[in-house]
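Data first, discussion second: the structure below is written as C-alpha cells.
No lab work stands behind these numbers, since they all come straight from the coordinates. Only a predicted model underlies this, so the values are computations on that prediction, with no experimental measurement involved. We place every Cβ from the backbone using ideal geometry, glycine too, and count neighbours over all the protein chains shown.
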Amino acid sequence: MGDYAIEAHGLVKDFGATRALDGIDLKVPAGSIFGVLGPNGAGKTTTLRVLLGIIDPDAGERTLLGDSRPLRQARQVGYLPEERGLYPAMNPREAIAFMGALRGLPLKEGRLRASALLEAHGLGHAADRPIRTLSKGMAQTVQLLGTLVHRPRLIVLDEPFSGLDALNQGRLEALIRAQAADGVTVIFSTHVIAHAERLCERIAIIAGGQVRFEGAVEEARGRLNPRVRLGMREEHGPWRAALPADAARQDGLWRFDLPDSGVEPLLRALIASGAGIETLSIERPGLHDAFVVIAGEQAARAMDAPDTEAVP
Amino acid sequence: MRELLRAALVIARRDYVATVWSRTFLLFLIGPLLPLVAGALFGAIGSETDRSASHAAIAVIATPADGAALAAARGRLVERLGDDALPDLLILPPARDPAAQTRALLADRAKKVTAVARGGIGTPALTGPARAIGETIDGLGLIYDEARQARALAMAGAAAPPPVAIARHEVETAAGSDAASRMVTARLGQLILMMLTMILAGMLLSNLIEEKSNKVIEVLAAAVPVDAIFLGKLIAMLGMSLTGIAIWGGTAAAAVLLLVPHIGAVPAPAVGWPAFALFGVVYFVGCYLLLGALFLGIGAQASTVREVQTLSMPVTMAQLGVVAFAATVVGAPGSALAIAAMIFPWSSPYAMIARAAQSPALWPHALAIGWQAIWIAIIIRLAAARFRRSVLRSGGGGRRSRGRARNRKISAA
C-alpha cells in the first residue's frame with residue numbers, strides 16, 4: 001500500500017455539461033483520519049465515488065490501497081454512502097451480514113460478527129426486527145456497522161454525521177477514533193467544520209470541483225495569523241502610536257493580527273503610558289476562519305447553512 | 001470472473017430469499033391463471049393465421065362425377081351455413097388399392113387430412129380417428145345429402161333420397177388430426193412462456209426500482225462490479241421462476257395423477273413430452289434472459305416508478321407484438337414469416353416452443369438454442385454496459401436538488 005491509502009491526480013468528471021470534478025489532487029496518508037470539507041455541490045460525493053471506483057473519471061488517475069482499479073480492493077474497504085440505503089424488510093443482523101458478504105465475508109461469520117457488533121452498540125434487542133421498524137438513528141447505525149463488519153483497512157464515510165443527534169454524533173466520533181487507533185485509514189466528507197477540526201489530522205477543502213487546500217489542519221490554520229483583542233480604559237494616549245497599522249476598533253475593542261514582533265512592544269508602551277489594560281487576548285484562528293480564507297465567503301456561508309439532506 | 005460470479009451469487013441469494021418470502025411471490029404463483037384470460041385474446045390473434053391449418057380436412061376418394069357433385073354441394077351449403085360449419089374436402093381420384101390409398105392419406109403429414117371418405121355418394125364410409133370422425137361426420141353428411149338431392153332433382157321424376165348413413169371405420173391416429181391437436185399444445189406453450197416472462201420481467205424491474213429508491217444500489221455498486229449486480233438480479237429472478245415452475249410442475253403432476261382418465265385428452269407434442277418439457281425450460285430461460293436484460297437496462301435509466309412505466313410500456317407493447325408474430329408459426333410453420341419469427345431473437349423462443357409441439361425434428365432446436373445463446377450474451381453485455389453507465393445517475397440529480405434547496409435557503413437568509 002505504501003505511505004498513502006489513496007492517491008489521486010488530476011481527476012476530472014463531467015455530468016453532461018456540468019463539470020463536477022475539475023482536476024482533483026489528493027493524497028490520504030495510510031492510518032490517518034482525513035476530512036474532505038466543502039459545501040453541498042462542491043464535488044465531495046463525486047470525488048469519493050470516483051476514488052472508490054463506483055464511477056470512473058473522465059480524466060486523471062487514482063489508486064486505492066495501491067491499486068489503480070479500486071473495486072479490486074473492495075474487500076479491504078468499507079463505504080457509507082451519503083444516501084443511506086438498507087432493505088426495509090431485512091433485519092439488522094442479516095443486513096450487516098449481507099454487506100459483509102458483498103465484500104467477501106462468509107455469511108455465517110458475518111452473522112456472528114453482526115450480532116456482536118449490534119450488542120456492542122446497544123442494538124442487540126433489535127437484531128431480528130425488520131429495519132423498517134427502526135428509528136432513523138438506529139438504521140444509520142446498522143448501516144455503519146455494515147461498513148465495518150468485514151474489518152476493512154480503509155473506511156470511507158460520506159457525510160456520516162448528517163441526520164444524527166448530538167449523542168450519536170459523539171459516538172460516531174469515538175468510533176472513528178477507535179478505528180484509526182487500530183491502524184485503519186478513515187476518510188470522511190462533511191460540511192460541518194467542527195467535526196473535521198476535532199477528528200482530522202489532514203483535510204482537503206473542495207469547492208467548485210477543485211481542491212483549494214490539502215494538508216494538515218494546523219497548516220490550514222497557519223494560513224492565518226493569530227488575532228489580538230485589546231481593551232483599554234483610556235482611549236487616547238501615546239500608546240496608540242504603537243498599535244499596528246491594521247488595528248481596527250470594533251465593539252469597544254481593538255482588533256488586529258498578531259505582529260511578527262509579537263505584542264511585547266505594544267505592552268511596553270501601554271504600561272509606560274498607564275493606559276489601563278482591561279482586556280488582552282491572543283486567539284488562534286479556527287478551521288472555520290481558515291476555510292473562509294481558503295474557500296471564500298460564499299462557500300463558507302453554504303457550509304454554515306442548515307442541513308437539508310435527506311436521511312433514511 | 002470468479003469474483004464476479006461470487007458477488008453475483010451473493011446478490012442473487014439476497015434477492016431470491018427476499019422475493020420468495022414476499023407476497024409478490026404468491027401473485028407470481030397464481031400468475032398462470034392469467035393465461036386463461038389472455039388465452040381468449042391470443043386465440044383471436046392467432047385464429048386467422050391458423051384457420052386454414054386447424055380447419056378439419058377430409059380426403060374424399062371419389063370418381064370425377066361424384067367428386068364434382070360433392071364439391072358443388074359443399075359450395076351451395078357454404079353459402080347458407082358458412083365455411084366454418086363444414087369440413088374442407090380434398091377430392092382425390094381412386095387409386096388401384098383404395099384401402100392402401102386411405103392408409104397413405106391418413107399417414108401423410110403434408111396433406112393434413114383428419115379422415116378419409118370413400119365409397120361414392122351412395123354408400124359413403126369415413127375412416128379416421130374416433131375424435132376426427134365425431135367432429136366431421138355431421139357436416140360431411142350434410143354435403144353428401146345435398147349432393148344426393150341435387151342428383152335426384154337432376155334425374156327427373158326421381159324421389160328425394162333419404163338421409164345418407166355414413167359408415168364409420170375408426171383407426172388409431174391420423175397425421176392431420178395430430179397436427180390440429182398439436183396446435184393446441186403449441187399455442188399453450190407460447191402462452192405460458194409469454195405470461196411467465198412478462199410477469200418475471202415486471203418483477204425484475206420493480207425490484208431494481210425498489211433498490212434505487214432505497215438507495216441500496218450505491219452500497220452494492222461500491223462493493224461489487226455493476227455487472228455482478230446485473231447478473232445477480234437476473235439469476236435471482238430465474239431461480240425464483242424455476243421455483244415457481246417446480247411448484248406448478250408438482251401441482252400439475254398431482255392433477256394428472258388425480259385425473260388419469262382424462263390424460264388422453266391432452267394433445268401430445270411432436271417431440272414427445274420429455275423433450276417438450278426440456279425445450280420449454282430452455283426456451284423459457286432464453287426468453288427471460290433476453291427480456292430481463294432489456295428491462296434491467298431500461299430500469300437503470302429510470303429513478304421513479306412513473307419513469308419505469310413510461311419507459312417499459314413501449315417494450316411491453318413490442319413484446320406483445322413479438323408474441324403475436326411468433327404465433328404465425330403455429331398456423332404456418334413453413335412460411336417465410338414463421339422462419340423470420342424463429343430467427344428474430346425475441347420471438348425465437350416462442351416460435352421454437354411452438355415448433356417443438358408441431359414438428360418432431362430436433363436439429364432446428366439445437367440451432368435455435370445456439371442462436372439464442374449468442375443473442376443473450378450480446379444483449380446482456382449491452383444492457384449491463386447501459387446499466388453501469390446510468391444506474392447511479394439519479395443520485396446526482398438528488399444531490400443537485402438538495403444543492404438548489406440549500407441555495408434557496410441561503411438566498412432567503
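Taking a straight line from the alpha carbon of B:Lys112, these aspartates and glutamates sit under 12 Å away, with near neighbours fewer than eight places off in the same chain left out: B:Asp88, B:Asp178.
Name the residues of region B:127-164 whose amide N is less than 11 Å from a point 7 angstrom out from the Cα of B:Leu81 along the C-beta direction? Once the point is set 7 Å along Cα→Cβ of B:Leu81, B:136-147 turn out to lie under 11 Å by backbone N, inside region B:127-164. Principal axis extents of the C-alpha atoms in region A:227-283 (largest first, rounded to whole Å): 25, 23, 17. Ranked by the mean number of other Cβ atoms within 10 Å per residue, highest first, peptides B:82-90, A:137-145 order as A:137-145, B:82-90. Fewest-first ordering of B:Val219, B:Val329 by other beta carbons within 10 Å of each residue's beta carbon gives B:Val219, B:Val329.
For the set A:Lys136/B:Lys212; A:Lys27/B:Lys233; A:Lys108/A:Lys136, the pairs lying more than 30 angstrom apart at their alpha carbons are A:Lys27/B:Lys233.
Suppose R0 equals 22 Å. What FRET efficiency, 1/(1 + (r/R0)^6) with r the Cβ-Cβ distance, do B:Ser213 and B:Met313 give to the nearest 0.05? In this case the efficiency is close to 0.65.
Taking label positions 7 Å along the Cα-Cβ direction at both B:Ala95 and A:Leu280, the computed distance is 13.0 nm, reported to one decimal. Each listed q (0.09, 0.10, 0.11 Å⁻¹) maps to a log10 I(q)/I(0) for the protein assembly as shown, found by the Debye formula over equal Cα scatterers with no solvent: -0.89, -1.00, -1.12.
Kirkwood Rh, region A:256-297, all Cα pairs: how many Å? Could you put the intermediate results ahead of the total?
Numbers: mean 1/r = 0.0790 Å⁻¹.
Computed over Cα pairs of region A:256-297, the Kirkwood hydrodynamic radius comes out at 12.7 Å.
Please report the net charge: other residues with Cβ closer than 10 Å to the Cβ of A:Phe188, K and R +1, D and E -1. Don't jump to the answer; show the numbers that get you there.
Working: positive: A:Lys44; negative: A:Asp158, A:Glu159.
Neighbour charge sum, excluding A:Phe188 itself: -1.
Kindly state, as a whole number, the per residue volume in cubic angstrom of the convex hull around the alpha carbon atoms of region A:163-295. Present the calculation step by step, with values, prior to reporting the outcome.
On the way: hull volume 22.0 nm³, N = 133.
About 165 Å³ per residue, rounded to a whole number.
Return the FRET efficiency for the residue pair B:Ala377, A:Thr18: r is the Cβ-Cβ distance, R0 is 35 Å, and the value is rounded to the nearest 0.05. Given R0 = 35 Å and the Cβ-Cβ separation, E is 0.50.
For region A:184-267, applying the loop criterion from DSSP together with a ceiling of 15 other beta carbons within 10 Å to the trypsin sites (Lys or Arg not before Pro) yields A:Arg223, A:Arg233. Peptide A:81-91 has a mean of 6 when you count, residue by residue, the C-beta atoms of other protein chains within 10 Å of its C-beta. In units of the rule-of-thumb radius 2.2 N^0.38 Å, region A:4-221 shows an alpha carbon radius of gyration of 1.00.
Just to confirm my numbers, what's the Cα centroid distance between region B:69-125 and region A:117-186 in Å? Result: 83 Å between the Cα centres. From least to most packed, judged by other beta carbons within 10 angstrom and beginning with the fewest, B:Trp273, B:Trp346 follow the order B:Trp273, B:Trp346. Simple spin-label estimate for B:Arg168 and A:Arg151 gives 8.2 nm between the two label positions (7 Å along the Cα-to-Cβ direction from each Cα). Taking other C-beta atoms within 10 angstrom as a stand-in for reagent exposure, B:Leu126, B:Leu382 fall in the order B:Leu382, B:Leu126, fewest first.
What do you get for GluC sites (Glu not before Pro) in region A:195-233 restricted to DSSP loop and a cutoff of at most 16 other Cβ within 10 Å of the site's Cβ? Show your work: numbers first, answer last.
Working: sites: A:Glu197, A:Glu201, A:Glu214, A:Glu218, A:Glu219; in loops: A:Glu201.
For GluC sites (Glu not before Pro) across region A:195-233 that sit outside H, G, I, E and B with at most 16 neighbouring Cβ atoms in 10 Å, the list reads A:Glu201.
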